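The values are calculated or read from the model by the stated rules, or taken from the named source; none is laboratory data. On a predicted model such as this, the values are computed, not experimentally measured, just so you know. Neighbour counts run over all protein chains shown; Cβ positions are idealised from the backbone, glycine included.
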Amino acid sequence: MIPLIVPAILTNDFNTFKTHLAKVSPHFSSAQIDVIDGIFLPYKTFSERTELKDINSEAYFELHLMVKNPIAEIAKWTEIDSVTAVVFHIESEDNPEECLKTIKQHGWKAGIAINPETPLVKVLPYANMADEILFMTVHPGQQGAPFVPAVLEKIKEFKKLNATAICSADGGINKNTIKDVVSAGADKLYIGSALTKADDTDAAHQELINILTA
């Protein structure tokens, strides 16, 4: 089965975000916005929030919160009608159950991300409460980080548990790694630079599909 592919946009500049969104939105129904607070990770993404309402795009937004306090960050996005899903990190400081509850109160899908070095056991108690478990296949923070193959075993282990949550992967996924990630069991892929920095986004997307169907 071909996994769902969602373009991921990571930038500290709002104009760059708009450029990347315009590039991918004709080919995808949704885009992931990477949100980093400069505390959880030593990098900070763009600070505009309500300005997103003025963007002429039909794409839905899925938020990937790489922040210390997800609940406080969630409150900044409640006026953005195009948000449909929010993923927070199990390594953040807020209570995971409270985060999941807060996200779902807004009618959004709720997911939990887990970093490469974090033991799978940390996220398992919440696997059937979440709509999605997102496995970081890089050490997060900036696009272009090296792929971490060891995470593939963690994905395989998770899939054996038959959890109800979607198993997704994010980071370093390109034409050289996509087949291994899908073979490990990922149902959904967030792909950044391989799509947003491609000269022809549609052609780059089709190349990835071709690799999976070959």
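The numbered conditions (1) in a loop (DSSP other than H, G, I, E, B); (2) in contact with a strand residue (DSSP E or B) (Cβ under 7 Å, 6 or more places away or on another chain); (3) closer than 24 Å to PRO70 by Cα are all true for GLU93 except (2). Residues that are modelled with pLDDT of 95 or more and in a helix (DSSP H, G or I) were ranked within segment 162-193; the one that is nearest to PRO125 (Cα to Cα) is ALA184.
Among the residues in segment 130-141, are any within 18 Å of LEU63 (Cβ to Cβ), surrounded by fewer than 21 Cβ atoms within 10 Å (Cβ to Cβ) and at pLDDT 95 or above? Checked segment 130-141: at least one residue is within 18 Å of LEU63 (Cβ to Cβ), surrounded by fewer than 21 Cβ atoms within 10 Å (Cβ to Cβ) and at pLDDT 95 or above. Cβ-Cβ distances below 6 Å connect no pair with a first residue in segment 149-160 that is without any contact (Cβ under 8 Å) to a residue 24 or more places away in the chain and at positive phi, a second residue that is exposed (fewer than 14 other Cβ atoms within 10 Å of the Cβ) and of a type in the set (Gly, Ala, Ser), and a separation of six or more residues or different chains. For segment 179-196, enumerate the residues that are closer than 21 Å to SER29 by Cβ and without any contact (Cβ under 8 Å) to a residue 40 or more places away in the chain. Scanning segment 179-196 gives a single hit, ALA194.
Determine, yes or no, whether THR84 is within 25 Å of ALA145 (Cβ to Cβ) and at pLDDT 95 or above. It would help to see each step written out before you state the result.
Working: within 25 Å of ALA145 (Cβ to Cβ): no; at pLDDT 95 or above: yes.
No.
A Cβ distance below 7 Å, combined with a sequence gap of six or more or placement on separate chains, defines the contacts here; from segment 114-137, residues that are of a type in the set (Lys, Arg) reach residues that are outside any loop (DSSP other than H, G, I, E, B) in the pairs LYS122/ILE114. Of the residues making up segment 43-76, those that are of a type in the set (A, V, I, L, M, F, W, C), touching a helix residue (DSSP H, G or I) at 6+ places or on another chain (Cβ under 9 Å) and within 20 Å of GLY192 (Cβ to Cβ) are PHE46, LEU52, ILE55, ALA59, PHE61, LEU63, LEU65, VAL67. If only residues of segment 24-65 that are part of a loop (DSSP other than H, G, I, E, B) and aromatic (Phe, Trp, Tyr) are counted, the one that is surrounded by the most Cβ atoms within 10 Å (Cβ to Cβ) is PHE40.
Checking each residue in segment 74-105 for being surrounded by fewer than 19 Cβ atoms within 10 Å (Cβ to Cβ), out of contact with any His (no Cβ under 7 Å at 6 or more places or on another chain), under 29 Å from ILE55 (Cα atoms) and of a type outside the set (D, E, K, R) picks out ALA75, ILE80, SER82, THR84, GLN105.
The single residue among VAL24, VAL35 that is touching a strand residue (DSSP E or B) at 6+ places or on another chain (Cβ under 9 Å) and over 22 Å from THR201 (Cα atoms) turns out to be VAL35. If you go through segment 116-129 and keep only what is surrounded by fewer than 21 Cβ atoms within 10 Å (Cβ to Cβ), touching a Phe, Trp or Tyr at 6+ places or on another chain (Cβ under 9 Å) and part of a loop (DSSP other than H, G, I, E, B), you end up with PRO116, ALA127. Suppose the filter is without any contact (Cβ under 8 Å) to a residue 60 or more places away in the chain and assigned to a strand (DSSP E or B); does LEU100 pass it? Answer is no for this residue. The condition of being among the hydrophobic types (A, V, I, L, M, F, W, C) and under 27 Å from ILE209 (Cβ atoms) holds for ALA8. Looking across segment 173-199 at every residue that is within 12 Å of the chain's Cα centre (by Cα) and not β-branched (Val, Ile, Thr), the one that is surrounded by the most Cβ atoms within 10 Å (Cβ to Cβ) is identified as TYR190.
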